[in-house]
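Right, one structure below, let's go through it.
The values are calculated or read from the model by the stated rules, or taken from the named source; none is laboratory data. Here the structure is a predicted model, which is why all the values come from computation and not from measurement. Methodologically, a virtual Cβ is constructed for each residue, glycine included, from the backbone with ideal geometry; neighbour enumeration extends over all protein chains shown. What goes into the accessible areas is simple: the full protein's heavy atoms, side chains included, and nothing from ligands, DNA or RNA. Shrake-Rupley method; radii C 1.70, N 1.55, O 1.52, S 1.80 Å.
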Amino acid sequence: MKHFFCLFFTLICCGVVHAQTSYELPKVWQGFVTVTSIGAQDRHNPRHEGNVGKDKAITGWNTYQIPFTLTVLRQEGRHLQLSYQSEHIQTDDIGTLSADGKQLQIAFINGTGVYEINGNKMTGCGSTRGGKGNFAHWLQSYSTWCAELVAIH
């Protein structure tokens, strides 16, 4: 029984140490994001004007693809502070890296996403709700997005 306890304790400790292993992500990732949205996501949406009618009601759906940069501002182990920048928007996000360094979960004020990391490439999708418009716009607007990125630093 004593040997079983020592083996069990060793396995638990090794598992905890392994779970604490962290991978340092490259600082700058660049690529494209493809967005499908309905409604006026916010003023940063390149098709905002086409989605808000004369009476300020939400209209139609739209799609677009734009280049963007994801920057790791700070990394403490598996915990990250991120910046998302495109010609239309710049936001600060947070993220958590999986123990094996192959997945990044991100969250920001009105959405979430998950990226798969394979060497110097990162791909992922997510969704957002609302934006910086009025409350009616927030209720009636949402979008999904997918991104393809390559580490450059």
If a residue must be at pLDDT below 95, part of a strand (DSSP E or B) and open to solvent by 40 Å² or more (accessible area, probe 1.4 Å), how many such residues does the stretch 100-131 contain? 4
Unique match (being under 30 Å from Ile152 (Cα atoms), at pLDDT 50 or above and either surrounded by 14 or more Cβ atoms within 10 Å (Cβ to Cβ) or in contact with a helix residue (DSSP H, G or I) (Cβ under 8 Å, 6 or more places away or on another chain) (or both)) among Ile58, Ile89, Ile38: Ile89
